[in-house]
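Engineer: I'd like to ask you about the structure that follows.
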Amino acid sequence: MPSGCRALSANFQVVKQLLGCLGDDGDGLLERRGVVPGGRAEPADLPDILKRGGPDIGVGDVLGVRLAECLNAAAHASDVTPNSVRRRQRLCQVQRRGTPDITVRPDLGDTLRRMTSATEFELDKDLDAVRLYRRGPAAKLELNRPDRLNAWNQALGLALRDTVLELATDDSVRAVLITGAGRAFSAGADLREAGSGDRPDTYTVLTERYHPIITGIRSMPKPVVAAVNGVAAGIGLSLALACDLVVSAESAYFVLAFVNIGLVPDGGSSVLVPSRIGFARAAELAMLGSRLSSEQALDWGLINRVWPDGELGAQAEDLVWQLANGPTGSYAGTKRQLNAWLYSRIEDQLELEAQIQRDRSRSADVAEGIAAFATKRPPVFKGD
């Protein structure tokens with residue numbers, strides 16, 4: 001018997017006690033789906049699970065893969081009896097509420113956690129401003145300054161740059177998810193740092209800190225997904241649009257906020273935005289600095305998917321897991337094609353952005369814009 005099947009058989013009694021869903025009539029969910037002897041396996045059931053998990057598949061993998069699909073189980077075939085339907089409904093109620101209506105013995109708590117933890121992203125590296133999580137061939141990169149809406153300061157920029165470049169060359173990583181901690185994806189540059197006495201040189205910050213992130217994502221030979229869980233503004237929007245796919249929470253919004261303090265788009269947004277939505281809409285976003293809701297962003301073609309806020313995390317992780325187990329070479333070839341057609345001059349454009357932004361950052365209007373932002377008043381621009 002394969003080791004995966006032995007693992008399933010050895011833990012079957014545990015599953016019975018945890019789920020309480022397999023009776024003596026033998027028509028319970030796991031038996032019917034071919035996970036235990038005596039049941040009829042559907043074509044995409046156990047073989048698919050074993051393919052995903054390899055020889056060390058455990059009950060936790062079955063729970064992670066199959067519990068999320070319990071609503072579909074009742075629609076498979078004519079051998080679904082009223083009793084089994086009721087059991088499936090109980091499983092779905094457990095999934096929806098997150099508080100099982102079954103009693104788990106105290107000594108089984110650790111077993112449950114061990115069986116399900118294999119399906120979750122686990123913290124791999126904590127760089128304070130950035131956290132890296134891993135799940136097999138998938139990686140999740142989380143901006144971690146939630147108290148500042150994940151605004152970019154020096155620490156975040158450097159940690160993000162180094163992590164992106166590391167993931168780009170790590171062959172064990174086949175897909176990357178980028179998201180933000182808390183209620184924002186990223187509110188852009190941290191203007192508190194920009195307004196400090198030791199204000200950094202804008203050109204240096206862009207060319208040495210930000211540009212390697214954008215070009216690293218675009219040249220990375222693997223798919224990168226942005227999960228926008230809140231505001232994506234300024235360089236935060238540039239980061240999201242540098243990714244191959246952008247998915248969003250319903251409450252999220254997008255804004256090219258540079259103009260609101262007298263700056264110009266940077267971080268590649270002067271090419272990333274029009275390449276997705278065209279000149280007219282790009283000019284509108286860049287010159288008016290208005291918010292774009294997630295639904296409008298989807299309608300304009302700026303992003304790919306919108307999900308309810310409570311579903312974004314799980315849906316985005318499922319998507320990156322699917323990509324991490326897909327034809328990585330095909331994804332890499334597709335990126336090369338799109339880059340060649342749309343972004344072959346992106347490095348030249350990044351350099352142009354940095355030069356213009358350097359000039360703008362020395363202007364009186366930008367000083368006024370930053371001061372107005374800090375004091376929460378409308379700016380009074382003089383037009384320089």
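The values are calculated or read from the model by the stated rules, or taken from the named source; none is laboratory data. This structure is a prediction, so every number in the text was calculated from the model and none was measured. In this analysis, Cβ positions are derived from the backbone assuming ideal geometry, glycine residues included, and neighbour counts consider all displayed protein chains.
Engineer: What strands (runs of 3 or more DSSP E), lying completely within the range 128-229, carry at least 1 residues that are at pLDDT 95 or above, closer than 27 Å to residue 337 by Cβ and of a type in the set (S, T, N, Q)?
Structural biologist: Of the strands (runs of 3 or more DSSP E) lying wholly inside the range 128-229, those with at least 1 residues that are at pLDDT 95 or above, closer than 27 Å to residue 337 by Cβ and of a type in the set (S, T, N, Q) span 175-180.
Engineer: For the range 321-343, state whether one or more residues are within 16 Å of residue 241 (Cα to Cα) and more than 22 Å from the chain's Cα centre (by Cα).
Structural biologist: Checked the range 321-343: at least one residue is within 16 Å of residue 241 (Cα to Cα) and more than 22 Å from the chain's Cα centre (by Cα).
Engineer: Taking residue 281 as meeting all but one of (1) within 30 Å of residue 315 (Cβ to Cβ); (2) crowded, with 18+ Cβ neighbours inside 10 Å, write down the number of the exception.
Structural biologist: Of everything listed in (1) within 30 Å of residue 315 (Cβ to Cβ); (2) crowded, with 18+ Cβ neighbours inside 10 Å, residue 281 misses just condition (2).
Engineer: Which ones in the range 139-155 are on the phi < 0 side of the Ramachandran plot and in contact with a Leu (Cβ under 7 Å, 6 or more places away or on another chain)?
Structural biologist: Those that are on the phi < 0 side of the Ramachandran plot and in contact with a Leu (Cβ under 7 Å, 6 or more places away or on another chain): 139, 140, 141, 143, 145.
Engineer: Same structure, new question: When only residues in the range 125-179 that are basic (Lys, Arg) and buried (at least 21 other Cβ atoms within 10 Å of the Cβ) count, which is nearest to residue 202 (Cα to Cα)?
Structural biologist: For the range 125-179, the residue satisfying everything is 145.
Engineer: Next question. Which count do you get for residues in the range 303-317 that are assigned to a helix (DSSP H, G or I) and either polar (S, T, N, Q) or touching a residue at least 60 places away in the same chain (Cβ under 8 Å) (or both)?
Structural biologist: 6
Engineer: Criterion first (buried (at least 17 other Cβ atoms within 10 Å of the Cβ), among the aromatic types (Phe, Trp, Tyr) and closer than 22 Å to residue 273 by Cβ) does residue 343 satisfy it?
Structural biologist: yes
Engineer: Quick one: is residue 246 modelled with pLDDT of 95 or more, under 15 Å from residue 223 (Cβ atoms) and among the β-branched types (Val, Ile, Thr)?
Structural biologist: Judged against the criteria, residue 246 is a match.
Engineer: Can I ask one more? Could you check how many residues of the range 265-302 are outside any helix (DSSP H, G or I), over 21 Å from the mean Cα position of the chain (by Cα) and closer than 22 Å to residue 217 by Cα?
Structural biologist: Of the residues in that region, 3 qualify.
Engineer: With the condition kept exactly as written, say whether any residue in the range 328-335 is in the same structural domain as residue 189 (by TED's automatic domain parsing), in contact with an Asp or Glu (Cβ under 7 Å, 6 or more places away or on another chain), of a type in the set (Ser, Thr, Tyr) and within 30 Å of residue 122 (Cα to Cα).
Structural biologist: no
Engineer: Scan (1) exposed (fewer than 15 other Cβ atoms within 10 Å of the Cβ); (2) in contact with a Lys or Arg (Cβ under 9 Å, 6 or more places away or on another chain) for the single condition residue 383 breaks and write down its number.
Structural biologist: (2)
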